[in-house]
């Protein structure tokens, strides 16, 4: 490991040196080359300007003999290649070509430097010449006569001198950097040994700590980073034992927390064996024995759960599944399964959440929406039918009062239903609080009886009141009136002509019991457990004829519970029913 550290350090130095060498050589070479090219262009431009003045007239009336002779003469004089070109790009004279070879030269109108010169500016370019075998610097100067462009004078000079100079500089730089390489390599090797020595000592201390020897200490007498690291390592060694003790305590706390969770938690290893199972999991599935150490498929037999577990165990990832158990009790359980790659022992983690109550509440909500829609649809259909009949003029004048009466009945029925729904929603709201006050039971009962007396008299029913005049109760007067009104309305509706309805109230065991008993049709025993559900009716056809909303008893139950009480019922088919409202106080 120590040799690897030194080797990495040396390689890093070599990499930096190589990068410095490449960048340095490239930058210096480019700067020198650019400088010499600028100087060459500066020396060629005056010569080209002079030649342009000398060939101004001959180039105006070009001939091969005249212009080629001038190009040869000036080329020899200047030791440059001289080319004379007209505005169409045709070459009329060249110091390196003559005769038929001159006439066979290709058109130069497309050469970069010529294109620039024909536009009225001095043009230049660098290209490799296959004839000379080196790069050439071309400079083209426009020739004008009486303000009119007549041609181009082009001078060409090989860059042999520049390339030779650059080669010399390149060799000098290479030799310098080679010497620097050996120097830096020697320094790097020495530095790596010097740097790795304290690292080796630290590694020795760490190795002893790994074996459990917490007495190991590193030398930390200097002021450099390694001494600081040694000091930190010494502090770490002193804290390791304390940390291990804390970890054991944390593990204990985590175990207690896991057991206290309301959700079931399970973990399984790569073999599919259960290694963690908390108390909530055992409670949800009524597991008599601890499932830890057992294969998952022997503890849980639900096909959907087994399939999801095998999928996560083999392929990883996350998945969710919902299962319904019917034995030993009806349950709906949601399970989230996830793979774990962090630990060596844990492969799958699953969280089990008992959502039976939420599932039941959702079913109640769906039933409520369906029932409310159904209850509203019937009066709406009646109202719509009569309104359309009236619009079409199909109702005779004598029949109209009956039609309007039917419309009013259905409108009132819808109003009652909506009012009961709003009332029920208010009672179920977490923000609802009743307004307690001291009230007399007899006053509330008499107020309700006054409102219902006409209906009872119409059926010649006998009403019996047995409520003490001074029987007090602390509660919400308005809500208690609603509860008694609903109970008495049901008694009147479901009791036949000349029937008997009794209202009584007594104080028993710290509570007031208000009873409403009738001699009506009674309730079948199989329906007694459901009559307080929303929209539940024992006799649906009779209930609709009587105009009930199906929410009255549900409202009574909520009012009783809001007061901390309850409502009870006793009934026998054909003999009547008895409802008891028990309110503490």
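What to note about this one:
- Count - residues of the range 42-57 that are over 18 Å from residue 121 (Cα atoms) and either modelled with pLDDT of 85 or more or not assigned by TED's automatic domain parsing to the domain that holds residue 119 (or both): 1
- Test set (1) assigned to a helix (DSSP H, G or I); (2) in contact (Cβ under 8 Å) with a residue 60 or more places away in the chain - residue 478 fails condition number: (2)
- The residues of the range 493-529 that are closer than 16 Å to residue 568 by Cβ and part of a loop (DSSP other than H, G, I, E, B), listed by number, are 509, 522, 523, 528, 529.
- The combined condition, being under 19 Å from residue 170 (Cα atoms) and loosely packed, with under 11 Cβ neighbours inside 10 Å, is not fulfilled by residue 37.
- Check on residue 83, closer than 30 Å to residue 106 by Cβ and loosely packed, with under 15 Cβ neighbours inside 10 Å: no
- Residue, farthest from residue 18 (Cα to Cα), within the range 157-177, restricted to residues that are touching a residue at least 24 places away in the same chain (Cβ under 8 Å) and under 60 Å from the mean Cα position of the chain (by Cα): 170
- In the range 55-64, the residues that are assigned to a helix (DSSP H, G or I) and either in contact with a strand residue (DSSP E or B) (Cβ under 6 Å, 6 or more places away or on another chain) or surrounded by 14 or more Cβ atoms within 10 Å (Cβ to Cβ) (or both): 56, 58, 59, 60, 64
- Matching residues in the range 12-30 - criterion: being surrounded by fewer than 12 Cβ atoms within 10 Å (Cβ to Cβ) and either more than 24 Å from residue 167 (Cα to Cα) or at pLDDT below 75 (or both): 15
- For the range 315-339, filtering for residues that are surrounded by 11 or more Cβ atoms within 10 Å (Cβ to Cβ) and either out of contact with any strand residue (DSSP E or B) (no Cβ under 8 Å at 6 or more places or on another chain) or in contact (Cβ under 8 Å) with a residue 40 or more places away in the chain (or both) leaves 3.
- Index of the failed condition, residue 85 passing every other in (1) within 30 Å of residue 172 (Cα to Cα); (2) in contact (Cβ under 8 Å) with a residue 40 or more places away in the chain: (1)
- Among all residues of the range 248-260, there is at least one that is in contact with a helix residue (DSSP H, G or I) (Cβ under 8 Å, 6 or more places away or on another chain) and surrounded by 11 or more Cβ atoms within 10 Å (Cβ to Cβ).
- Residue, nearest to the chain's Cα centre (by Cα), within the range 65-79, restricted to residues that are within 21 Å of residue 111 (Cα to Cα) and buried (at least 21 other Cβ atoms within 10 Å of the Cβ): 71
- Condition broken by residue 146, with the remaining ones in (1) surrounded by 21 or more Cβ atoms within 10 Å (Cβ to Cβ); (2) within 19 Å of residue 59 (Cα to Cα) satisfied: (1)
- Looking only at the range 550-566, residues that are touching a residue at least 60 places away in the same chain (Cβ under 8 Å) and outside any loop (DSSP other than H, G, I, E, B) come to 9 in all.
- Beta carbons closer than 6 Å, at least 6 apart along the sequence or on distinct chains, never pair a first residue in the range 425-445 that is in the same structural domain as residue 503 (by TED's automatic domain parsing) and closer than 19 Å to residue 473 by Cβ with a second that is modelled with pLDDT under 70 and surrounded by fewer than 16 Cβ atoms within 10 Å (Cβ to Cβ).
- Taking the criterion of being more than 58 Å from the chain's Cα centre (by Cα) and closer than 15 Å to residue 513 by Cα, the residues of the range 465-495 that qualify are 465, 466, 467, 468, 469, 470, 471, 472.
Here's the yes/no breakdown for (1) modelled with pLDDT of 80 or more; (2) outside the structural domain of residue 20 (by TED's automatic domain parsing); (3) buried (at least 18 other Cβ atoms within 10 Å of the Cβ); (4) closer than 30 Å to residue 20 by Cβ:
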position: 152; (1), (2), (3), (4): yes, no, yes, no
position: 155; (1), (2), (3), (4): yes, no, yes, no
position: 183; (1), (2), (3), (4): yes, yes, no, yes
position: 192; (1), (2), (3), (4): no, yes, yes, yes
position: 196; (1), (2), (3), (4): no, yes, yes, yes
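- Some residue of the range 523-532 being touching a helix residue (DSSP H, G or I) at 6+ places or on another chain (Cβ under 8 Å), modelled with pLDDT under 90 and assigned by TED's automatic domain parsing to the domain that holds residue 572: yes
The values are calculated or read from the model by the stated rules, or taken from the named source; none is laboratory data. Please read all numbers here as calculations on a predicted model, not as lab measurements. Every residue, glycine among them, receives a Cβ derived from its backbone with ideal geometry; neighbour counts consider all protein chains shown.
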